Amino acid sequence: MSEGLLFFVSIVAGLIGALSGMGGGVILIPVLTACGVDIKRAIPLSVISMIVISNSAASGYVRRHLPNLKVSAFLELFAILGSVAGASIAVVANRRPLFFLSGGILLSSCMILWKQRREMWKVTPDQDAFSHQLGFEGSYYDYGEKKTIAYRGHHAYLGGPLIFGAGVLSGLLGMGGSALTVLIQDMVMGLPPKVSLTTSNLIIGVMALAGASVYLEAGLIEPRLLVPVILGAPVGALIGSKLLVGFTNRFARLVFLSVLMLLGLEMILHGIRGIQ
Amino acid sequence: MKHVARLKWIASFDMENWVGVILQNGMLVSIGLVIVGVLSEWVTKTQSGLRDPLFGNNVLQFILEDFRQAVSPKPFSSLPIHLGIAILMLTPYVRLIASLFYFACVEKSWKQMFLTAFSLIPLTYLLLLG
């Protein structure tokens, strides 16, 4: 695959990754494999692209006070442990049924969110004591809706273990974990879509770092393919982060839904092809 | 009086801005080094470092090997690319350490401090010892 083409694909991956809070794997993996790059070399690239996109997009988001640092501190712990556990069992696990399972979860979540697409996000009426103790509340100025939005997260006791599962999936399959991270914050913890997407952008950075260390040890990271990703993905991520800030919560969720559907179909396809 | 000044300092401390600065600078340094490395490979017409996969038992070993190369009489031309990749990988780790100091020293939120510290333990093992 030519470095020039990979550079342009990385810009698109950075843009989609920053807008969806998922990293760039959803674009990079199918393009790389279609161009003849072995999936075992494509997945480490996708993992490192997650670090690139996380660093680039999150630097803009945190200055606008969009992600919640307390939520990320709590969820990162579970994400890292899950990612390490997933990467450790990846060698012995049969990944084919997992591609079907996670593809199915993503597509069914997509359908639930699609049904709720006309509903406005509402602040959680009652916050449980555990989430309150962890300080899962905050506010941000929404440039899309032109008002300050205050929110309260809940069900932290469910969110943590579920994020552990997302981390396991990310470590095992190299994809899908970041999408679940957004879904769990949105659907289980009741955070506004823009807060979920941007907090996920922070979490995927450390989640990917845990996985990247494993791939570095295995000698699967190729600088020739990585250089265009490092130079291209930040360009797309910066454009994406500027766009997302101006979106309304409803539109941000619609963008996420479109990428989620693409990712769900991609995972089912991986299962059908029997990619190990 | 000292207590009031400290409270004012805490109120004005913008952690989000600091996290943004860490992430942005880490990314800029990393991209800068990668560009220098690509130009260096192009000038010397070697491209050898780009063909070989990165290797190291962990990020620390990978960085130490780069520094060993840097002080050797004939360092390879792709050394800046390797350093750029190492800095890219270390940036989220540095961000976590900054969060730990913030929760411990500024906000004095022990719950958040312990959560961040527990996140750092497996990451430190993987990056430095794994």
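The values are calculated or read from the model by the stated rules, or taken from the named source; none is laboratory data. Remember, it's a predicted structure, so these values are computed and weren't measured experimentally. Neighbour counts run over all protein chains shown; Cβ positions are idealised from the backbone, glycine included. In case anyone asks, the SASA skips ligands and DNA or RNA and just uses the protein heavy atoms, side chains included. Shrake-Rupley method; radii C 1.70, N 1.55, O 1.52, S 1.80 Å.
Treating the protein assembly as shown as a set of equal point scatterers at the Cα positions, no solvent, please give the Debye-formula log₁₀ I(q)/I(0) at q = 0.07, 0.08 Å⁻¹. Computed log10 I(q)/I(0) values: -0.30, -0.39. For residue B:78, the amide hydrogen comes within under 5 Å of the amide hydrogens of B:49, counting only partners 5 or more places away or on other chains and with H modelled in the peptide plane. Averaged over the residues of peptide A:67-80, the number of Cβ atoms from other protein chains lying within 10 Å of each residue's Cβ is 6.
Expressed as a whole percent, the accessible surface of segment A:109-221 that belongs to carbon and sulfur atoms is 61, based on a 1.4 Å probe.
Give the relative contact order (percent, whole number) for segment A:99-201; include only Cα pairs under 8 Å separated by 6+ residues.
24 percent
Note on segment A:49-98: Cα-Cα pairs beyond 13 Å make up 71% of the total pair count.
Take residue A:109: with every protein chain present and a 1.4 Å probe, its accessible area is about 10 Å². Leaving ligands, DNA and RNA out of it, report the carbon-plus-sulfur percent of the accessible area of segment A:20-94 at a 1.4 Å probe. The computed percentage sits at 62. Legend: residues in segment A:43-62 shielded by at least 10 square angstrom of accessible surface upon adding the remaining protein chains to the isolated chain (1.4 Å probe, heavy atoms) are A:48, A:51, A:52, A:55, A:56, A:59, A:62. The distance separating the Cα centre of segment A:163-217 from that of segment A:10-34 comes to 15 Å. Inter-label distance, residue A:96 to residue B:36: 4.9 nm, where each label sits 7 Å from its Cα along the C-beta direction.
Counting Cβ atoms of other protein chains within 10 Å of each Cβ in A:133-145 and taking the mean gives 1. Computed with a 1.4 angstrom probe on protein heavy atoms, the B-A interface buries about 4000 square angstrom of accessible area in total. Computing FRET efficiency as 1/(1 + (r/R0)^6) for residue A:147 and residue A:41, where r is the C-beta to C-beta distance and R0 is 56 Å, gives about 0.75. Taken residue by residue and averaged, Cβ atoms of other chains lying within 10 Å of the Cβ of A:230-237 number 3.
With the crude spin-label approximation of a point 7 Å out along Cα→Cβ, what separation in nm comes out for residue B:12 versus residue A:123? Calculated label separation equals 3.0 nm. Among A:246-258, A:151-163, A:42-54, sorting by the average number of other beta carbon atoms lying within 10 angstrom of each residue, highest first, gives A:42-54, A:151-163, A:246-258.
Sorted by average packing, counted as other Cβ atoms within 10 angstrom per residue and highest first, what order do B:112-123, A:66-77, A:195-206 take? Don't skip to the answer; put the middle values down first.
On the way: B:112-123: 19.3, A:66-77: 27.1, A:195-206: 30.6.
Answer by packing, highest mean first, reads A:195-206, A:66-77, B:112-123.
Backbone amide hydrogens, once placed in the peptide plane, bring residue A:142 within less than 5 Å of A:147, A:148, A:149, excluding anything fewer than 5 places away on its chain. Each label was represented as a point 7 Å from its Cα along the Cα-to-Cβ direction; for residue B:107 and residue B:44 these points are 4.5 nm apart.
Applying the Karplus relation 6.51 cos²θ - 1.76 cosθ + 1.60 with θ = phi - 60° to segment A:95-105 yields 3J(HN,Hα) values of 7, 4, x, 5, 4, 5, 4, 5, x, x, 4 Hz, where x marks Gly and Pro.
The angle between the Cα long axis of helix A:193-217 and the main principal axis of chain A comes to about 30°, on a 0 to 90 degree scale.
Among the residues of segment B:104-130, those with an accessible-area drop of 50 Å² or more from chain alone to full protein complex, heavy atoms and 1.4 Å probe, are B:111, B:112, B:115, B:119, B:123, B:126. Relative to the dominant Cα principal axis of chain A, helix A:39-63 is inclined by about 30°. Rolling a 1.4 Å probe over the protein heavy atoms gives segment A:180-276 an accessible area of 27 Å² per residue.
The slack between residue B:4 and residue B:64, meaning 0.36 nm per residue of separation minus the straight C-alpha distance, is 17.1 nm. Per-residue ellipticity at 222 nm from helix content only, as computed over chain A with -39500 (n - 2.57) for each DSSP H run of at least four residues, stands at -24500 deg cm²/dmol. 3J(HN,Hα) couplings calculated from phi for segment A:72-79 with the Karplus curve 6.51 cos²θ - 1.76 cosθ + 1.60 (θ = phi - 60°) are, in sequence order, 5, 4, 5, 6, 4, 4, 5, 5 Hz; Gly and Pro show x.
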